[in-house]
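First up is the structure itself, then whatever we jot down about it.
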Amino acid sequence: MAAMNSVSDLKPFKSMWKVRVKIIRLWKQYSTTSGETIEMVFVDSRGDKIHGTVKKDEVGQFVHVLQQGQTKVLFIKVFLLIFCLFF
């Protein structure tokens, strides 16, 4: 079984990650360009946070599974990592 990664371990060069995170914020969003999405903020055991999105094609599959306040082990197969700086 794959080792557990932390949010700070995530890098764009690897295609498979296993992270245990808590969903601290979850909301649905709709835009004319991307349709309905599920937006989430995750936090791991170290306190590192990351934003995640469920795209419109997968919303129906995950809408009843994901809840704010839940802790989940996520297997991330494909994702886009965007680096952000907050000032």
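Observations on the structure shown:
- Of all residues in the range 27-57 being of a type outside the set (V, I, T) and in contact (Cβ under 8 Å) with a residue 40 or more places away in the chain, the one that is nearest to G69 (Cα to Cα): K49
- Taken together, the residues in the range 41-66 that are within 14 Å of V7 (Cα to Cα) and out of contact with any Phe, Trp or Tyr (no Cβ under 7 Å at 6 or more places or on another chain) amount to 9.
- Members of the range 39-56 that are more than 12 Å from the chain's Cα centre (by Cα) and either surrounded by 11 or more Cβ atoms within 10 Å (Cβ to Cβ) or of a type in the set (S, T, N, Q) (or both): S45, D48, K56
- Being at negative phi, touching a helix residue (DSSP H, G or I) at 6+ places or on another chain (Cβ under 6 Å) and acidic (D, E) is a property that D9 lacks.
- Per-region count, the range 22-45, residues under 15 Å from L74 (Cα atoms) and among the polar types (S, T, N, Q): 1
- Picking from residues in the range 1-38 that are in a loop (DSSP other than H, G, I, E, B) and small (G, A, S), the one that is surrounded by the fewest Cβ atoms within 10 Å (Cβ to Cβ) is A3.
- Residue in the range 41-52 that is at pLDDT 90 or above and of a type in the set (K, R) present: yes
The values are calculated or read from the model by the stated rules, or taken from the named source; none is laboratory data. Bear in mind the structure is a predicted one, so any value in this text is a computation, not a measurement. A quick note on method: Cβ atoms are made from the backbone with ideal geometry, for glycine too, and the neighbour counts reach across all protein chains shown.
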